[in-house]
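Enquirer: Okay, handing you the structure first.
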Amino acid sequence: GWLPPSFSKRSGGGPGAARRRWIPGAKRLAGPLAGMSLADKIQGGGGVGHRHSVRAGNLDAELDDANLAHKHHICKWITVEAGNEINVVEPSEIATVHGLPESVWVRHLEGEMKGEKDVLSLPWALLSTILFALVLLQHESISPSNSSQQAFKHDITKNANFAFTGNFGAKNYQDVNSYADFWSWLNKGFMPLTNTHEVPVSEGSGLNLGPLSNASSYMYLWHNRKLAPIKLSQQSVKDMECPNQAVSEAYDIKCTGTLTIDMLLRPTDWQIAQSAFDEEIEQTIWLNGWRADTQKMVETLETQRWLGPRTDMIKVSMLTYHADRDMVLLTDVNFLFPRSGHIWKSITQRVMKLTPYADFWDYIFDILFYLQLTWVCFEEVKEMVHHMRSGEGAYKGFVAYMGIWNAVDWFYIFAGYVFLILWILRVKQIEHVRDEILRFDLESFECTTDCGVHFSKVFHDAENAGYFTGSVRVFGAVTPMIIMLRLFKAFSAQPRLALVTDTLKHASSNLAHYLVVFTAIFFTYATMAVAFFGREIENFSTLDRAVPSTFRMLMGDFDFEAMEIIGRQYAFLFFLSFMWLLNMVMMSMLIAIIMDVYVDVKANAAHSETVWSEAWDIARRAYLNRKKARISLLKIRPAFDANNENLLSVSDIRKRVPIISEKQATRLMENAATRFLNENPADIRLEGVKSFIDEIYNTLGSLPEIVSGIPVKGNCSKLAEEVPLDQLLAAATLKLQSNPESGWPGSKTGIGKLIESAQLMAKSLDQSPLCS
């Protein structure tokens, strides 16, 4: 019911000729009056120089003749009497009395078929999410892995102590702040804890229960079998050119630095675990048990300064196997020696399940997920080939097919098969670890100085498998996000489920402009935070750390007491301006932008079917199809042309599709009419009125004064030539409807008011000084 009015119909070819623009809220006048210029009514064909005035009575007579051919303001194919143009027409009346244009009928059929397809895609999208979650949880053994990792970390942190006073050790690995502290921790804490050779007894009991058996001495925390001796390895620094070579040479100073990980600031456990470790093989030490010979070896290492200024990083590694859970756990206690002099400490762990396919469910979930993925791929290929064979050419067909949501489907397919490849490679690497473990014999564990011959390979394979497992873990964590996009695709097909995506889509332009402003302000404050707090607070010491810390502060996670280190006044001013501008103003504007669009989107979705009613319709149709009480829409659609505007009645439909019942044809016709009325509302929104009047003002300048009844100076003939009557009438109607108290005569609505307004304008134009 809303058509783009032509604002200017000029006969010449000058600027503004044949200009058309879409104005929300503006309606074209139907019938013979549409498109006629005011000159056609108040000037009797004599051209610009021969004006013949037409009195109101003559105009009334012409308007009375025009009333005979008025059309309904929404259903343009329905002829009504004057004054009834805006009356409500029921869908049943349209179906049984007036009929529908064939194009409207076809759009309804295609919409129903598409809606049915889209609703049926929702369970498949949910199924893909559920299946991937089952695959991930079944193979990763996340909770058992977490249990073992936390047990190891807790035991090493709480029980591998040094700095003893009596039976109490005051320090743990986090208190290692010098080379001497490291040797104390290794001698007094870690090695005695992980290499027990006597049966432990209660404190102060004086009992001696004898030595542990060989099998028991290889166990850690009762249930974890050590697969190799403790490995002590290091990475050395690399020589680098000093930034101030003259001063360095004068004081005989050599500059060094690491090439694998940035240690200036405290790295995360993930960074340490996933960074390359350039092990110096000749410096690697194997500590098999904690007997006199092993203790002597550690003393020798300390004497020979195995740990010194060129040491960059040390790993104390332990490889264990948990039989109940079939898991191998590689635990590294890491000590990093940055050039600042501080020692960073970290415990990193890598867990891998030796038998990824241990039971039936390991296979069934993988098979179901990839069958579903392959089916999606098959459907997408079929749809793409259909578009490419549509007759417009392969390239144009492909461009028409590759919309945003089909691109999401292909992204999902690609990610699913990449994950499969990565998973296969991961399984292969774990198989190498398992083969190395099975190669060991009991004699291998009796080694002293040549342990590397037996165990270097298994540690190497376990570390590589751990690195790769970490990478696969990241990809596996990102894949559900891609699957979530497919859920949004399914949601977008149902207006009530698509509130989120439709809101973001319609607000995208405003959000993009908002984001430019927000980003500029946000990064300004992040830079200020680095300048203010970077030297004292680690999380603000670099821009890449300050950005997430500033965002956390925006979300309410901040430590104001730590900020006060630069001075309470400076910290308060920074915090006050940040919270007022970004938190209160910018975040409120973001909510306002989204909610402003959300209200409109929600209003548009109010007339749409709920997902439950659509599901019920699909089930009802399937039931009736089985009973042969109805025929499928797929069989009805080919009988009609989407480009034909001829009117269809129920009998016409039955003539073209003889097998359709009268009941189904009538129901489909009523549904098509209902859809058309819902898609073409008659409401005039206030912003549409304002936009239309503003556009007229910008185009014609003097029109608002005419509409308001205020005489203006000007050339009446020129105005009458250039302004079509339907535009003037529409403007007058909008003026009247937007301000009922304006004093304009008449109490009718819609076209009735429009005609009365036109009569008043014609009289005022004819009698005002404007045309004199």
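The values are calculated or read from the model by the stated rules, or taken from the named source; none is laboratory data. Predicted, not measured: the structure shown is a model, and the values here were computed from it. Backbone-built Cβ (ideal geometry, glycine too); neighbour counts: all protein chains shown. Only protein heavy atoms, including side chains, enter the accessible area calculation; ligands, DNA and RNA are left aside. Shrake-Rupley method; radii C 1.70, N 1.55, O 1.52, S 1.80 Å.
Enquirer: Sort out which residues of the range 635-678 are hydrophobic (A, V, I, L, M, F, W, C) and assigned to a loop (DSSP other than H, G, I, E, B), and write them in order of number.
Expert: PHE640, ALA642, VAL657, ILE659, ILE660
Enquirer: Kindly list, by first and then second residue, each pair from a residue in the range 339-352 that is in contact (Cβ under 8 Å) with a residue 24 or more places away in the chain to a residue that is part of a loop (DSSP other than H, G, I, E, B) and hydrophobic (A, V, I, L, M, F, W, C), limited to pairs with Cβ atoms under 7 Å and residues at least 6 apart or on different chains.
Expert: SER340/LEU264; ILE343/VAL176; ILE343/PHE337; TRP344/MET263; LYS345/VAL176
Enquirer: If the requirement is being within 30 Å of GLU140 (Cα to Cα), modelled with pLDDT of 90 or more, of a type in the set (D, E, K, R) and surrounded by 13 or more Cβ atoms within 10 Å (Cβ to Cβ), which of these qualifies: ASP312, ASP362, ASP366, ASP324?
Expert: Among ASP312, ASP362, ASP366, ASP324, only ASP366 is within 30 Å of GLU140 (Cα to Cα), modelled with pLDDT of 90 or more, of a type in the set (D, E, K, R) and surrounded by 13 or more Cβ atoms within 10 Å (Cβ to Cβ).
Enquirer: Considering each of ALA526, ALA493, ALA520 in turn, give the residue that is over 17 Å from MET595 (Cβ atoms) and free of Cβ contacts under 8 Å to residues at least 24 places away in the same chain.
Expert: Only one candidate qualifies: ALA520.
Enquirer: Can I ask one more? Could you please let me know if GLU112 is among the acidic types (Asp, Glu), farther than 30 Å from SER492 by Cα, at pLDDT 80 or above and part of a helix (DSSP H, G or I)?
Expert: no
Enquirer: Go through the range 265-302 and give me each residue that's closer than 14 Å to MET313 by Cβ, assigned to a loop (DSSP other than H, G, I, E, B) and of a type in the set (A, V, I, L, M, F, W, C).
Expert: Correct list: ALA276, PHE277.
Enquirer: Select the helices (runs of 4 or more DSSP H) contained entirely in the range 449-550, then report the ones holding at least 1 residues which are modelled with pLDDT under 90 and either of a type outside the set (Ser, Thr, Tyr) or farther than 30 Å from ASP262 by Cα (or both).
Expert: Filter on the range 449-550 gives 451-492, 499-506.
This table checks each residue for (1) among the hydroxyl-bearing types (Ser, Thr, Tyr); (2) more than 20 Å from THR268 (Cα to Cα); (3) surrounded by 14 or more Cβ atoms within 10 Å (Cβ to Cβ).
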{"site": "PHE540", "(1), (2), (3)": "no, no, yes"}
{"site": "ALA562", "(1), (2), (3)": "no, yes, yes"}
{"site": "ARG568", "(1), (2), (3)": "no, yes, no"}
{"site": "PHE575", "(1), (2), (3)": "no, yes, yes"}
{"site": "MET589", "(1), (2), (3)": "no, yes, yes"}
{"site": "ALA592", "(1), (2), (3)": "no, yes, no"}
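Enquirer: For ARG486, all conditions in the list (1) open to solvent by 50 Å² or more (accessible area, probe 1.4 Å); (2) under 14 Å from the mean Cα position of the chain (by Cα) hold save one; what is the number of the exception?
Expert: (1)
Enquirer: Quick check on the range 499-524: of everything there that is closer than 13 Å to MET586 by Cβ and open to solvent by less than 40 Å² (accessible area, probe 1.4 Å), which residue is farthest from the chain's Cα centre (by Cα)?
Expert: ILE521
Enquirer: Here is a follow-up. Anything in the range 497-529 that is under 30 Å from GLU614 (Cβ atoms) and either in contact with a strand residue (DSSP E or B) (Cβ under 6 Å, 6 or more places away or on another chain) or polar (S, T, N, Q) (or both)? List them, or say none.
Expert: Result: THR501, THR503, SER508.
Enquirer: Could you check how many residues of the range 423-437 are open to solvent by 40 Å² or more (accessible area, probe 1.4 Å), of a type in the set (A, V, I, L, M, F, W, C) and either farther than 14 Å from ASP366 by Cα or more than 29 Å from the chain's Cα centre (by Cα) (or both)?
Expert: 1
Enquirer: Let me ask something else about it. Which of the residues that make up the range 634-657 are among the small types (Gly, Ala, Ser) and free of Cβ contacts under 8 Å to residues at least 24 places away in the same chain?
Expert: If the condition is that a residue be among the small types (Gly, Ala, Ser) and free of Cβ contacts under 8 Å to residues at least 24 places away in the same chain, then ALA639, SER651 are the ones that fit.
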